[in-house]
Amino acid sequence: MNQVDTEWMRQQCQKSGVAVMDTLDDSTIAVVNSCAVTSRAETDVARWVKKAVAKNKSVIVTGCLTKECAVRLKESFGVSSFLFGGARGKIAYAVRQVASGKSVELADDTDMKAPGISFMSGKTRGFLKIEEGCTHRCSYCIIPALRGRKIVSRPIDMVVDDVKTLLYNGYKEIVISGTDIGAYGKDLGYSLYELLRRLILIEGDFRIRISSIGVIDLNDNLISLMENEKICRHLHISLQSGSDKILSLMRRPYNTAFYGKKIEAVVNRVPDIAIGTDVIVGFPGEDEDEFKKTAGFVSDMPFVYLHPFSYSPRIGAESYCWQYEKSAQKRRIKVLKAIVKKKNLIYRRQFLGRQVKVLAENEKQGRTSYYFPVSLPHGLKRGFFYDVLIHNVDYDNTQADIV
Ligand code: SF4
């Protein structure tokens, strides 16, 4: 989501007459868009700030950095301008303030009602942030504290206009994202389903991809929409653990039985849909027995890919002081990856001999609605749709010819 925010800020600056440079050397002010989701991300922010300060640039730090991180950046590098969370909506104002020698420190949610993104430079797909904030309380997560504990949705008419603008600018796939996208519209009296219903009525040859959705938000209406050809047949539904004990410690709002039933409902309705997930390994309380439950559950689910993460405590999260087992994390990640690698191959094999539509990402590769990439021998035109016939599938590749 930070990529969307960065591009959006770039456009806000350009629209208000601020010259946006591509290199640090050509700039007088550096805007570092931070991510505090992992401690590694925070280290990266410090590295970029250090680099900019070393080149005598004024620095504005935006994004989901913690107040503690801001204090560290102030002390270590003398940074004095910060736009916390949605205050990134005031980026152009902040740049002007800093250019005139003043510092700014703002925290609000102005960005969701500002003009949207009309293109994403360097991307085949257009990204739209439709919602900010999360009302859940996962014990390992600091995102609600950084991006807001209430849902702030972009009004439905504005999202429809954003999509039309992206389509007008040539994008054929629009990815809608947010902190808790399933909660979209709850603050404004409508739902993600209603938004998607509006979007698929827009004329043209395009598709909408839902970036990630919580399993508790998957209702029958949304599931039925997955059959529509304008909605990508792909859902990313975070699992995090296949142990009910760990899910409860994580304060995830579901158990494995609920999760399994929802996935079954999705697959019954759309049998060839691609379902991906995230799993955290080594969470406090996860011993070998609990991990085996996760490995077993992952084996039982029709996942076609899995992003495994090693648990790391984040300052400010409820689980920060809880004991956890770090030594087993790498091995557990390997186990999960091996399980899903086989599932991925079996999944893609069902497409052998089938005709599908791909969006060209470069001269030789396109991406299906089902999210897996396809290699093609011909010179494709980036950003265009092609109908292709899949003729070979192996562990590392799916090959096709243009029909
Ligand atoms: S659902 Fe949980 S993990 Fe996701 S942003 Fe909200 S609190 Fe964090």
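Bear in mind that the values in this text are calculations on the coordinates, not laboratory data. All figures in this text were calculated on a predicted structure; none of them were measured in a lab. For neighbour counting, all protein chains shown are included, and Cβ atoms are generated from backbone atoms with ideal geometry for every residue, glycine included.
The charge dipole of the chain, taken about the Cα centre with unit charges on the Cβ atoms of Lys, Arg (+1) and Asp, Glu (-1), comes to about 580 debye, rounded to the nearest 20. Stretching V267 away from S139 to a fully extended chain increases their span by 43.1 nm, per 0.36 nm per residue minus the current alpha-carbon distance. Taking G78, G126, G17 in turn, the Gaussian network model of the chain (Cα-Cα springs below 10 Å) assigns the largest fluctuation to G17. If you take the Cα centroid of segment 297-354 and the Cα centroid of segment 232-274, the two points sit 13 Å apart. Of all the C-alpha pairs in segment 53-204, what % are more than 23 Å from each other? Summing the P(r) tail past 23 Å for segment 53-204 gives 47 percent.
Determine the gain in length on full extension of the stretch K55-Y190; use 0.36 nm per residue of separation and subtract their C-alpha separation, reporting nm with one decimal.
Details: separation 135, 0.36 × 135 = 48.60 nm, distance 4.81 nm.
Taking 0.36 nm per residue and subtracting the Cα distance, the gain is 43.8 nm.
Taking the Kirkwood radius as Rh and the Cα radius of gyration as Rg, segment 147-205 has a ratio of Rg/Rh equal to 0.98. Rounded to 0.05, the FRET efficiency of the T43 and H378 pair, given R0 = 51 Å and the Cβ-Cβ distance, is 0.75. Compared with the alpha-carbon gap, the fully stretched path from L24 to D220 is longer by 65.7 nm at 0.36 nm per residue.
Shape summary of segment 233-350, radius of gyration then Dmax from alpha carbon positions: 14.4, 46 Å. Magnitude of the charge dipole for segment 116-232, about its Cα centre and with charges confined to Cβ atoms of Lys, Arg (+1) and Asp, Glu (-1), is about 400 debye. When DSSP beta bridges are restricted to pairs lying wholly in segment 116-232, around 15% turn out antiparallel.
Kirkwood hydrodynamic radius, segment 116-232, all distinct C-alpha pairs: what's the number in Å?
So the Kirkwood estimate lands at 14.6 Å.
Expressed in Å, the radius of gyration and Dmax of the Cα atoms of segment 355-402 are 9.2, 26.
First select every other residue whose beta carbon is under 10 angstrom from the beta carbon of K57; then total the charges, Lys and Arg +1, Asp and Glu -1. Intermediate values should be presented prior to the final figure.
Numbers: positive: K51, K55; negative: D25.
Local net charge: +1.
For the chain, the antiparallel share of DSSP beta bridges with both residues in that region comes to about 35%. The number of Lys pairs in segment 116-232 with C-alpha atoms less than 16 Å apart, excluding pairs fewer than 8 positions apart on the same chain, is 8. Of the peptides 86-94, 394-402, the order by per-residue mean of other Cβ atoms within 10 Å, starting with the highest, comes out as 86-94, 394-402. By the helix-only formula, in which each DSSP H run with n ≥ 4 contributes -39500 (n - 2.57) and the sum is divided by residues, the chain has a 222 nm mean residue ellipticity of -10500 deg cm²/dmol.
If you scale each eigenvalue of the Cα gyration tensor by 5 and take the root, what three semi-axes come out for segment 2-110, rounded to whole angstrom and sorted largest first? Provide the component values of the computation, followed by the final result.
Values: eigenvalues 71, 51, 36 Å².
Listed largest to smallest, the semi-axes of segment 2-110 are 19, 16, 13 Å.
Seen from a random direction on average, the alpha-carbon convex hull of the chain projects onto 19.9 square nanometres.
How large is the dipole of segment 233-350 about the Cα centre if only Lys and Arg carry +1 and Asp and Glu carry -1, each at its Cβ, rounded to the nearest 20 debye? Display every interim value, and only then the final one.
Details: 21 positive and 12 negative charges, 115 e Å.
Taking the Cα centre of segment 233-350 as origin, the dipole is about 560 debye.
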